[in-house]
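J.: Please read through the structure below; I'll follow up with questions.
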Amino acid sequence: MDIFGLVLWGTVILYAIASLCFISALILKKGVLENLSFLLSIVALVCHIIATAIRWIDVGYGPYIGFFDALSSYALLTSFTYIALVVWRPTLKSIGTIVMPIAFILLAVALTSSPSDMGITPALASVWLVIHVIFAATAVTAVLVSCAIAVIYIMRDKGKEIELFKQLPDQPALDMLVFQFVSVGFILWTIMIIIGAVWANEAWGRYWGWDPIETWSLIAWVMYALCLHMRLTMGWKGRRFAYLALAAVPLMLFALIGVPFVWDSIHAAYLS
């Protein structure tokens, strides 16, 4: 196994251990375990960044082409966002109970596809593709974090008294965080679709062709637009909005990851 493989598998193991420690802290009500979990999360993130850098140098392009690189980047950005949130607001440390398992699952699923060098074609070398993928990855990160916070909000709202969750901000503050992350995800997703249209015109000579991934990206966009509409005009807050935010996440993930496995798509060459 080469250096990249060793660092990558070390990252997966660290994510797994951090996730188990978070869950153990939740069950055993041990704050010390939670602190250990957070430190392990930081180490895992550093290893993940190193693995990504090694691969970038080896293949000559960043983590924006192929199934493995896409999921790996989602895991990396989700982990990074969580740690940045805790640095900003230490009381949010407990959301790692949900976030770190998400990062672990994303990277573990990524490993079901062998990392491969797809080579840089003129279409792939476009700066529009890089920007398009950056906005897609950050949009996914925002909604995954909103998902983690929504899960914890619902657990607390149902009256589950969990010791480690008591240090978290109160319910209205968590509700606002879910709304803020959903809003950011929606804005980033909107920009992603616009930039994608520009890239599509450059690569294929048309802005929009109702390709399956384009269609499902639009469906996911409509779902998140509905979430914000229900929040801003219908006054949906709290548990109802949390459930709606959770329901929208699979659509976004399916649009980016699942569609190429179900339908033929001109995007598949860049995601397989």
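The values are calculated or read from the model by the stated rules, or taken from the named source; none is laboratory data. A quick note: this is a predicted structure, and the numbers were derived from the prediction, not measured. Here the Cβ is made from the backbone with ideal geometry for all residues, glycine too, and neighbour counts use every protein chain on show.
J.: Within region 12-36, can you find the residues that are under 20 Å from SER73 (Cα atoms) and surrounded by fewer than 18 Cβ atoms within 10 Å (Cβ to Cβ)?
T.: Residue satisfying the conditions is ILE13 alone.
J.: Just checking, how many residues over region 77-101 are in contact with a His (Cβ under 8 Å, 6 or more places away or on another chain) and under 21 Å from PRO260 (Cβ atoms)?
T.: 0
J.: Right, something else. For region 6-32, give me each residue that is over 13 Å from PRO101 (Cβ atoms) and among the polar types (S, T, N, Q).
T.: THR11
J.: Mind checking whether some residue in region 2-9 is touching a residue at least 40 places away in the same chain (Cβ under 8 Å), in contact with an Asp or Glu (Cβ under 8 Å, 6 or more places away or on another chain), over 17 Å from ILE149 (Cβ atoms) and in a helix (DSSP H, G or I)?
T.: Yes, region 2-9 has at least one match.
J.: Of all residues in region 209-245, count the ones that are part of a helix (DSSP H, G or I) and within 24 Å of ILE152 (Cα to Cα).
T.: Total meeting the criteria: 19.
J.: Give me the pairs: first residue in region 133-158 and closer than 29 Å to ILE191 by Cα, second residue of a type in the set (Ser, Thr, Tyr) and not in a helix (DSSP H, G or I), beta-carbon distance under 6 Å, and six or more apart or on different chains, which are they?
T.: VAL133/TYR64
J.: If you don't mind, another one. Step by step: first the residues of region 188-208, then only those that are surrounded by fewer than 22 Cβ atoms within 10 Å (Cβ to Cβ) and free of Cβ contacts under 8 Å to residues at least 24 places away in the same chain, then the one that is farthest from ALA142 (Cα to Cα). Which residue is that?
T.: Start the filter on region 188-208 by keeping residues that are surrounded by fewer than 22 Cβ atoms within 10 Å (Cβ to Cβ), which leaves 188, 190-191, 193-195, 197-199, 201-208.
Restricting the remaining residues to those that are free of Cβ contacts under 8 Å to residues at least 24 places away in the same chain gives 194, 197, 201, 205-208.
On the way: ILE194: 18, ALA197: 22, ASN201: 27, GLY205: 31, ARG206: 29, TYR207: 26, TRP208: 25 Å.
If we take residues in region 188-208 being surrounded by fewer than 22 Cβ atoms within 10 Å (Cβ to Cβ) and free of Cβ contacts under 8 Å to residues at least 24 places away in the same chain, then GLY205 is farthest from ALA142 (Cα to Cα).
J.: Out of ALA203, ALA220, ALA173, report the one residue that is at pLDDT 85 or above, touching a Phe, Trp or Tyr at 6+ places or on another chain (Cβ under 9 Å) and in the same structural domain as ILE134 (by TED's automatic domain parsing). Walk me through it before giving the result.
T.: On the way: ALA203 fails: at pLDDT 85 or above; ALA173 fails: touching a Phe, Trp or Tyr at 6+ places or on another chain (Cβ under 9 Å).
Just a single option satisfies the conditions, and that option is ALA220.
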